[in-house]
Amino acid sequence: MNISFEKVNEVNALLTLSLVKADYEENVNKALKDFRKKAQMPGFRPGQVPMGLLKKRFGTEITAEEVNKILGKELTKYIHDEKINVLGEPLPNEEKTPAIDFDTQEDFTFVFDVALAPEFDAKVSDKDELDYYDITVDDAMVDKQVQVYAQRAGEYSKVDSYEERDMVKGILTQLGEDGQPVEGGLQKEDAVMLPGYMKNDEEKAKFNGLKVNDVIVINLAKAYDNNDVEVSSLLGITKEQAAEAKSDFSYQVTEITRFVPAEVNQELFDKILGEGKVNGEEEFRASIAESMKQDFAADSEFKFARDLRAYLTKRIGTLQYPEEMLKRIMKLNNKDKDDEYIERNFKPSLDELTWHLIKEQLCDQLEVKIQQEDVLETAKMATRMQFAQYGMTNVPEDALTHYANEMLNNEQQAEALVTRAVENKIVEKAKAVVKLNHKQVTMDEFNKMMSEKEA
């Protein structure tokens with residue numbers, strides 16, 4: 001067996017592998033013997049088919065299969081032993097590979113195209129300076145969050161008189177031109193309205209100071225700006241019927257309901273954080289501030305990770321890639337996609353490839369190693385953030401672990417979490433190496449920076 005490596009240019013190479021009969025004969029004979037044990041042919045008992053007959057019938061197929069196995073194994077071994085930094089798998093070079101006939105040949109030569117990774121240096125040191133944005137938590141932000149929690153824990157209460165944004169329930173009765181109820185006309189009991197959201201100010205004003213049992217005359221078409229969908233929903237009729245309902249209606253109020261935020265007291269503290277977690281408003285606010293700091297720290301880490309990627313990508317400059325070869329690989333990996341898809345996605349794929357290669361260097365330099373517990377912790381963090389979006393900040397640890405494991409059972413999600421865990425570890429270790437310029441910013445300033453970057 002002979003393997004040779006020839007560099008065509010900085011990013012392309014040829015691997016040539018030559019085999020003689022002695023290189024694969026033993027493998028073929030063993031494969032034939034194994035095949036014979038289970039081979040069934042008319043006129044022969046199982047396992048008793050003559051070897052000569054098997055060779056005649058299946059020898060070519062088995063030889064080709066075993067040769068291909070050797071090719072894959074030896075190519076992988078050679079690339080590993082010679083420490084060749086390749087992109088993707090070697091692909092057959094049909095032009096340079098001599099014609100192969102397994103029926104008549106005993107010696108074979110195969111030529112493969114190899115895509116080489118570009119050479120660059122992305123290692124970090126204390127000579128690299130990056131900004132790190134620490135988001136401040138002020139009293140106004142805590143006040144706002146307290147209000148959010150109070151609103152979230154609030155309830156609807158019945159009141160005697162209407163104020164803006166109250167919810168009103170009553171009986172709607174269609175009136176004729178004479179102002180009297182229409183016999184057989186439209187009527188709806190328990191008709192619920194939110195006057196504060198009406199489009200017509202004149203109709204909206206009729207509810208000011210309204211009390212339970214009061215009766216007003218309202219034109220629904222005007223009140224809802226001729227929106228037949230809203231009128232039909234209110235009256236429980238079809239859209240077509242609503243289009244004809246242009247007359248006035250009497251509305252007798254039976255109930256007025258007002259949303260009242262929860263009081264900021266120990267009951268609210270226990271409801272939000274868990275019973276007995278804090279005592280008094282001061283501790284509650286301190287807990288909120290600490291939680292916000294943790295959330296903001298995650299935001300700061302995310303921005304630093306993004307800035308680190310942009311900084312290193314810019315520092316190494318534009319890399320030379322074996323584009324033709326990579327497009328071949330991309331086509332093989334997306335057999336159901338056309339050439340337009342390949343061209344459209346090629347540049348973004350190169351950007352991701354560059355970042356992947358940078359991360360590989362950083363993992364090697366910073367000795368990044370990922371354990372299963374790191375991935376689990378990343379999944380728990382993602383789960384915790386999802387719950388926090390719905391105001392659930394006191395999720396038990398066992399529940400977090402359960403949902404995190406559910407995410408890890410999904411192959412696609414698990415792969416994404418491993419990638420995130422690696423990047424988190426890179427960020428953690430890179431921060432200890434590079435020079436950080438800490439900058440205090442408000443949340444508004446931070447959000448503005450993030451939106452400008454995305455734009």
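No lab work stands behind these numbers, since they all come straight from the coordinates. This one's a predicted model, so the numbers in the text were calculated from it and none came from an experiment. Every residue, glycine among them, receives a Cβ derived from its backbone with ideal geometry; neighbour counts consider all protein chains shown.
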Compute the acute angle (0 to 90°) between the alpha-carbon long axis of helix 21-38 and the principal axis of greatest extent of the alpha-carbon atoms of the chain; round to the nearest 10°.
60 degrees
Charge context of I370, other residues only, Cβ under 14 angstrom, K/R +1, D/E -1
-4
Counting lysine pairs in region 296-421 that sit 8 or more positions apart or on different chains, with Cα atoms under 18 Å apart, gives 10
Only sites in a loop by DSSP and with at most 14 other Cβ atoms within 10 Å count here; which trypsin sites (Lys or Arg not before Pro) in region 226-275 make the cut?
K246
Quick one: angle between helix 139-152 and the longest Cα principal axis of the chain, in degrees between 0 and 90, rounded to 10, please.
80 degrees
So how much slack lies between R57 and Q252, counting 0.36 nm per residue of separation and subtracting their Cα-Cα distance, in nm?
60.8 nm
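Kirkwood hydrodynamic radius (Cα pairs, Å) of region 278-418? Please report the intermediate quantities before stating the final value.
On the way: mean 1/r = 0.0531 Å⁻¹.
Radius from the Kirkwood sum: 18.8 Å.
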In range of the label at F346: residues from region 1-25 whose backbone nitrogen is under 19 Å from the point 7 Å along Cα→Cβ:
9-13
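Could you please report the charge total around K206, scoring K, R as +1 and D, E as -1 over all other residues with beta-carbon less than 12 angstrom from its beta-carbon? Write down the numbers at each step before the final one.
On the way: positive: K204, K222; negative: D201, E202, E203, D214, D248.
The answer is -3.
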Any idea what angle helix 51-81 forms with the longest principal axis of the chain, computed on alpha-carbon atoms, 0 to 90 degrees, nearest 10?
70 degrees
Based on Cβ point charges of +1 for Lys and Arg and -1 for Asp and Glu, what charge dipole magnitude is obtained for region 155-260 about its Cα centre, in debye rounded to the nearest 20?
240 debye
When the distances between all Cα atoms of the chain are binned every 20 Å from zero, what whole-number percent does each bin get?
15, 29, 27, 19, 10, 0
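Rank by packing, highest mean first: peptides 353-365, 410-422, with packing defined as the count of other Cβ atoms within 10 Å averaged across residues. Walk me through the numbers on the way to the answer.
Values: 353-365: 16.8, 410-422: 14.8.
Output ranking for 353-365, 410-422: 353-365, 410-422.
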For the D339, T16 Cβ pair and Förster radius 30 Å, calculated FRET efficiency rounded to 0.05 is 0.50
Simple SL model, points at 7 angstrom along Cα→Cβ for T318 and Q241; separation in nm is 6.9 nm
Return the loop-located trypsin sites (Lys or Arg not before Pro) in region 47-151 (DSSP other than H, G, I, E, B) with at most 15 other Cβ atoms within 10 Å of their own Cβ; answer none if there are none.
K83, K96, K123, K127
Using per-residue counts of other Cβ atoms within 10 Å, averaged over each peptide, order 219-230, 335-346 from highest down.
219-230, 335-346
Can you give me the three principal axis dimensions of region 2-115 from its C-alpha atoms, in Å, biggest first?
60, 26, 22
What number does region 96-248 give for Rg over Rh if you use C-alpha atoms and the Kirkwood radius?
1.56
In nm, the gap between the two label points placed 7 Å beyond Cα toward Cβ at D190 and A298 is 4.1 nm
Eight or more residues apart or on different chains, and alpha-carbon atoms under 16 Å: count the Lys pairs in region 155-260 matching that.
14
